[in-house]
1. Between beta-carbons, use under 12 Å as the cut-off and find the net charge around B:GLY240, counting Lys and Arg +1, Asp and Glu -1.
2. Using label points projected 7 Å from each Cα along Cα→Cβ, tell me how many nm separate B:GLU134 and A:LEU158, to one decimal.
3. What angle do you read, to the nearest 10 degrees and between 0 and 90, between the alpha-carbon axis of helix B:497-514 and the longest principal axis of chain B?
4. What average number of partner chain Cβ atoms lie no more than 10 Å from the Cβ of the residues making up B:221-234?
5. First check a/c for the protein assembly as shown, with a ≥ b ≥ c the square roots of the eigenvalues of its C-alpha gyration tensor; if it is under 1.5, answer rounded, and if not, answer prolate when a/b is larger than b/c or oblate otherwise.
6. How shielded is B:146-157 by partner chains, expressed as the average number of their Cβ atoms within 10 Å of its Cβ atoms?
7. Please work out the Cα convex hull volume for the stretch A:43-90 and give it in Å³ per residue.
8. Could you let me know the centre-to-centre spacing of the stretch A:66-127 and the stretch B:198-257, using Cα atoms, in angstrom?
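Values in this text are rule-based calculations from the coordinates and carry no lab data. As the structure is a computational prediction, the values presented were derived from the model and not from experiment. Cβ placement follows ideal geometry from the backbone for every residue including glycine, while neighbour counts extend to all protein chains displayed.
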Amino acid sequence: MRGFLLNRLSQSAVLLVIVSIIGFVILNLIPGGPLAQYGLDPGMTQEDIARLKEQLGLNRPLWIQYFDWAWRLVQGDWGHSFRDGAPVLSVISRHLFATLLLMGTSTAFAIAIGTWIGIRGATHRYSLFDYTATVGAMVALSIPTFWFGLVGIYVFSLKLGWLPAGNMYTIGDGSVLNYLHHLILPSIVLSLVHVAIWSRYMRGATLDAISHDFVKTARAKGLTERRVLMKHVVGNALLPMITLAGMQLPSILTGALVTETVFTWPGMGRLFLDSLGYSDYPVVMGLLMFSAILAIFGNLIADIVVAIVDPRIRLS
Amino acid sequence: MTERSKIKSAYTRRDALRMMAIGGAAGLIAPNLLGRPAFAQTPPATPAGRVIVGISQEPTVFNPLMAHIEVDDGVHFSLFDALFRIAPDGSIQPNLAVEVPTQANGGISEDGLNWRIRLRDDVRWHDGEPFTAEDVKFTLELITNPDFRAWRTTGHSLVRDITVVSPTEITWRMEEVFAPYLSFLTETFIVPKHILEKDADPNAAAFNQAPIGTGAFKWGQRVPGDHVELVANPGYFGDGPYVERLIFKYIPDVTVLYTQFKSGDIDLVGQTYITPDNYEEARTLPGRVVSLVPASSVESIYLNLKRPQFKDLAVREALYAAMDRKAIIEGLYYGVPSLTETFMPRQSFYYDPDLPKQEFNLERARKILDNAGWVPGPDGIRAKDGVRLSFANSTTSGNHLREQAQQFLQQTFAEIGVEMTISNLPAAVMWGEFWSQSQFDTAMVGITYLIGADPDVTNRFHTRAIAAQGGSGSNNAQYSNPEVDALLEKGSRTFDPEARREIYFRVQELVRHDLPLLPLFANTSVYGRKEGIEGFVPNTNTRTESWKAADWYWAS
């Protein structure tokens, strides 16, 4: 186990370095840069732009900028946002809660519903339920979230007036109920896609498990269908889901860009898009490293959990 | 009567405003002329309620002297004060100063070099400290501090020998005569010396995240990615504020911004306002006041005159004649913007209404090109001396209205034997070096030519301002006309508005003749607010709808 962990951690470190170099280079290769936003300002002269460039250290050779950034990062300094001057870690942490709330709710919702639909679809294969679920999943996967969100707002906010038209809370309110009220529509819209994904995976995994010999054995032993399903089928079908969940961890924390835009949800997805739009290099790099670390750890944790749950796999 | 018909028939109003700009007595009359019953309601005795302004970009820079963009202005105007304020009619009025310096009142010396500003003695910072001339000196010096990430430094870099005569009087000398500086000072917010001098690095001062000003509103809090909240300053030296809370809510998508205006989540639509395609619906919304407000930017096909295709004036004239501007305005922009022949905003005192009118006439366009020797080649595209009349047009990708206008122009240009290809780029790429170093053939762009509403356009049209030729400025068309250069130099050294008007009329005539830009239309913003918000007056001489939120109040 220890050997496995050390091995994986050293692999991860190399991976992070590679990710950071590629990210840094690509980001800097994009023409324009953080000062392009002043391009149309009639009062900003070329001297003003050149002065800012020097003050931000952007006129140095790229490799020096990279090593400067990496060296600071190793020492725990993630840099400061070009836009508001705040430390990158605090910028990220201030957007994290919003995303965690939205993604956590919708993912939990999606896993619960998706798993149930998947199992039922597999056990009642080719039934009306199964067909409806399959078609529904296709529809949910193919319709853009943006459109779903706007239709949701149009129907439930503008026409019926039941739910707010976006935002995380009413400014000046901020009670738990107010948050929950605002959470309903975006989390449903967001979980539609996830329900579709989870139900498809779960259906496949369940069908796969059902076809195994140990299920026939269990049935031959005279176990009730319910017990066969719960103990033997679902348990085995859930194993690949753990890996899927591990892979989803980074997306839970890095946010849902489209949903956050439609519902003006101040989360990580918006932060990433805005930072990219303004070429806020420190924040974009910070987000990149953050999600890379999450992806690596998500997979690592999933591997460990699978090894613990599944006696056939041993880490070495 | 709609706001639009008012604007279209506004000639008499503009004339009236012109006279007032000279007389400087516009303060009381202007709000009535803008068509709202400013005095029908009275504001509450104590600040009450709140106004949520929805904006499509996020304000992030709160030190008003640091490099920032338009959307930060609303917060700056509410938290801070400048020495002077520019009124909706373009006249400059005192704010932290007690009078506007002129050569007549001795505030500016006869030679235009020595300035003396007298300041109010009743102004306090939000923390209770008195505001003095020391703060003004500190502000002007901070802007030119080489380590400080300052915003515009034009004008400020000419200031020498700043002397604090008394707490209410300050003088300085200008390195050279620069009349536009008065306008620039209307956008130069004064910051507190006693707070900022404590920080070794002004770029990282705590002040930048929780600013302290003299303005009608105090800093409340900021929820990053969501909103900025300001609270009423009861000790404000001017009139107001009348609302308790002023909130700038960031709504990243313009469609959603409009949706939240409909649903009532926001009270007032700020930048970038309501999109033209929603105008017809918006004006019928119950409980909402929607109006058209002329903006300061002019949309044009902006040419790179160093390209061989555009060196010939005949080509520019022919292209201009081949632009069906009315069809674009009516068909694509829902009739919201208005026709213009100049870079000068219509509401400016310096706008020349008598420039030759463009006429859409393909026959004439062809004739101009025929006469100039541009003959169609085998592929139908005209050429002369080995130069094909073919060029690319670029703008920010993803702007659907502009993309449609491009396609429309592409077709009419093709009819006169001109090939226009469309090559759009993401904003950060488009407005980076591609734009500033004149690497484009032509651009479709909305440009604000004036700085702080001053008519000086040296930065845009002077030969010295061609960045691609090592100059300093944004003359990205690489336009060069010695007469324009001379006029611009004269204009920036002239203080008298009447004399300046003559100068800038001539500049407009020359630019209209030379056509470095082919104007499409003068931009118009669709403003929207809830019924019941009183005291709201647009001011397109500033870059924000929230230039004077101190006057806003809810009708009781």
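1. Numbers: positive: B:LYS548; negative: B:ASP239, B:GLU244, B:GLU534, B:ASP551.
Here the count lands on -3.
2. Each label point lies 7 Å from its Cα, and together they span 5.6 nm.
3. It works out to around 30 degrees.
4. Working: counts 0, 3, 7, 12, 14, 12, 4, 0, 2, 0, 0, 0, 0, 0.
Whole-number average of other-chain Cβ neighbours for B:221-234 is 4.
5. Details: a/c = 1.85, a/b = 1.58, b/c = 1.17.
In terms of gyration-tensor shape, prolate.
6. Numbers: counts 3, 1, 2, 6, 4, 6, 7, 6, 6, 1, 0, 3.
Mean shielding count: 4.
7. Details: hull volume 3.3 nm³, N = 48.
Dividing the Cα hull volume of the stretch A:43-90 by its residue count gives 69 Å³.
8. Their Cα centres are 29 Å away from one another.
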